[in-house]
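Asks: Have a look at the structure that comes next, please.
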Amino acid sequence: MNAGTTIWSYHPVTAAAAAVWTQVGIGLWLLAAPRGDWSRLAGLASVGWGLNVWVFGEAFGGVFAPERPLLGTGLRPVRFREPLQPRPVPVPTTARP
């Protein structure tokens, strides 16, 4: 983990570009291989890349952080709030003389 952090710190643009092209490559591979062994291998690469990002890039999503409760917001990536609806825009009123 220290080596990955060092590489990312000293070469942030190159590391970010490599991550993007890796994701694009896996996505194209998934699209190009709709079925068969190549499709399974592409799915395995996708899961492996996702786990790599979750473990090293997001530090397990903060699940093991000491300030997070075990059964709380640490395990839920999205908080459910009010339904996302557009709020009405107040119409300005003009005073009549």
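The values are calculated or read from the model by the stated rules, or taken from the named source; none is laboratory data. Computed from a prediction, not measured in an experiment: that's the story for all the values here. Cβ coordinates were reconstructed from backbone atoms using ideal geometry, including for glycine residues, and neighbour counts include every protein chain displayed.
Asks: Starting from segment 43-55, keep only residues that are among the hydroxyl-bearing types (Ser, Thr, Tyr), then list their pairs with residues that are assigned to a helix (DSSP H, G or I) whose Cβ atoms are within a distance under 9 Å, requiring at least 6 positions of separation or different chains.
Replies: Hits for this filter: Ser46/Ile26; Ser46/Gly27; Ser46/Trp29; Ser46/Leu30.
Asks: Another one. Please give the helices (runs of 4 or more DSSP H) falling wholly within the chain in which 1 or more residues are modelled with pLDDT under 75 and surrounded by 10 or more Cβ atoms within 10 Å (Cβ to Cβ).
Replies: 2-10
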